[in-house]
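The values are calculated or read from the model by the stated rules, or taken from the named source; none is laboratory data. The structure presented is a predicted model; accordingly, all values stated were derived computationally and were not measured. Every residue, glycine as well, gets a Cβ built from its backbone with ideal geometry; the counts of neighbours run over all protein chains shown. Heads up: the accessible areas ignore ligands, DNA and RNA and are worked out on the full protein's heavy atoms, side chains in. Shrake-Rupley method; radii C 1.70, N 1.55, O 1.52, S 1.80 Å.
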Amino acid sequence: MTRLPDTIDATEALLAGQGYVAARALATVVFLALKLGKPLFLEGEAGTGKTEIAKTLAAALGRRLIRLQCYEGLDAASAVAEWNFAAQMIAIRTAEAQGGADRDALKTELFTEDYLIARPLLEAMRPQPGGAPVLLIDELDRTDEPFEAFLLEALSDFQVTIPELGTIRAPEPPIVILTSNRTREVHDALKRRCLYHWVDYPTFDRELQILHSRAPEAKETLSREIVAFVQKLRSEDLFKKPGVAETIDWAKCLLALDVIALSPEVISDTLGAILKYQDDIQKLHGSEAKRLLDEVRRDLTPA
């Protein structure tokens, strides 16, 4: 287990050691979240590296990563714990077959941790080898307001309540990262319990750094063209703009094809790596790809 960083610079270095190139503002809020033991709420477009922060912290600190993937209809039972009804029924039938079962004793025995299936929130409240885990509550905006209200207890006091067992409090608060793609607004009551940061698309220089870190085998000229082209795409009228994850994926695809420089034909053939909607892909076929590539090369040419 690695000690928590004691400065912002140390936080930047910790993240960089795992290949995550963080802006100073992001490194600052991560440092404060670790220092103060507060949940960190990261909001921004999909593919900007929000989820990766939690993965990076877990790897860098030597902590277990526990992920709660949010979805519409997620409820407390699915997030905290569920009873193993199949095992309980087997125990009941076994006791009945043996005869003379004490119903009250059996009822008490059936609602113990032996028959409990722990879900991410309960797991995060339990002691873990190597210290408190990193709890990632991913894409919170996919859930509904009742689930947000339920989370208030967990994030305020780092505890969860199971009616049959009572309240379970974390001996050491987990490192909590919440993410949202802002498909809807998350309630202020939840945000107030967290430190907040908007994770934006990176600048050209930072995205180039990220690409060097994640695809170091790419030549400098190709890397600069890739980043400049993706940045140019984000200024176009697209249904879904490509994130940093798509930049990295595209670079790896081009390397797998032994591409040394972009061309309109290569771009058209590999658009599925950076654009995920047919309408967007259709806009970039043919002369549009060449137009954007010409603009990119003009921008990259020294004055």
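Mind pulling the angle between the C-alpha long axis of helix 204-214 and the longest principal axis of the chain? Nearest 10 degrees, somewhere in 0 to 90.
60
Are there chymotrypsin sites (Phe, Trp or Tyr not before Pro) in the range 236-303 that DSSP marks as loop and that have at most 13 other Cβ atoms within 10 Å, and which are they?
239, 277
Which of these, 49, 130, 166, has the largest mean-square fluctuation under a Gaussian network model of the chain (Cα springs below 10 Å)?
Greatest mean-square fluctuation among the candidates belongs to 166.
How much of the accessible area of the chain, in percent, comes from carbon and sulfur atoms when a 1.4 Å probe is used?
52
Hey, if you drop one equal point scatterer on each alpha-carbon of the range 1-55 and run the Debye formula without solvent, what base-10 log of I(q)/I(0) do you get at q = 0.27 Å⁻¹?
Those come out to -1.28, one per q.
Tell me the per residue accessible area of the chain using a 1.4 Å probe; a whole number in Å² is fine.
Value returned for the chain: 50 Å² of accessible area per residue.
Along the charge dipole of the chain, Cβ charges K/R +1 and D/E -1, which of 132, 95, 2 sits furthest on the positive end?
Sorting the options by dipole projection puts first 2.
For the chain, place one equal point scatterer on every Cα, skip the solvent, and apply the Debye formula. What is log10 of I(q)/I(0) at q = 0.07, 0.09, 0.10 Å⁻¹?
For the requested q values the scattering log ratios are -0.38, -0.58, -0.68.
Taking Rh as the Kirkwood radius computed over C-alpha pairs, what is the Stokes-Einstein D of the range 11-108 at 10 °C in a medium of viscosity 1.306 mPa s, expressed in µm² per second?
In µm²/s, the coefficient is 90.
Could you run the Debye sum over the Cα atoms of the range 175-238, one equal point scatterer each and no solvent, and tell me log10 of I(q)/I(0) at q = 0.13, 0.28 Å⁻¹, two decimals?
Here log10 of I(q) over I(0) equals -0.57, -1.18.
For the chain, with a Gaussian network of springs between Cα atoms less than 10 Å apart, report the residue from 116, 65, 136 with the top mean-square fluctuation.
Maximum among the listed residues: 116.
Hey, in the GNM for the chain with a 10 angstrom Cα cutoff, which one of 284, 110, 211 fluctuates hardest?
Between 284, 110, 211, it is 110 that shows the largest mean-square fluctuation.
Considering just Cα atoms, how many Å³ per residue does the convex hull of the range 85-199 enclose?
Looking at the range 85-199, the number lands at 134 Å³ per residue.
Which GluC sites (Glu not before Pro) does the range 128-218 hold that lie in a coil by DSSP with at most 15 other beta carbons within 10 Å?
164, 185, 217
Given the options 40, 84, 121, identify the residue whose Cα lies farthest towards the positive end of the charge dipole of the chain (+1 on Cβ of Lys, Arg; -1 on Cβ of Asp, Glu).
Looking along the dipole axis, the top candidate is 40.
Using 7 Å Cα-to-Cβ label points, what is the residue 164/residue 32 separation (nm, one decimal)?
For residue 164 paired with residue 32, the spin-label model returns 4.3 nm.
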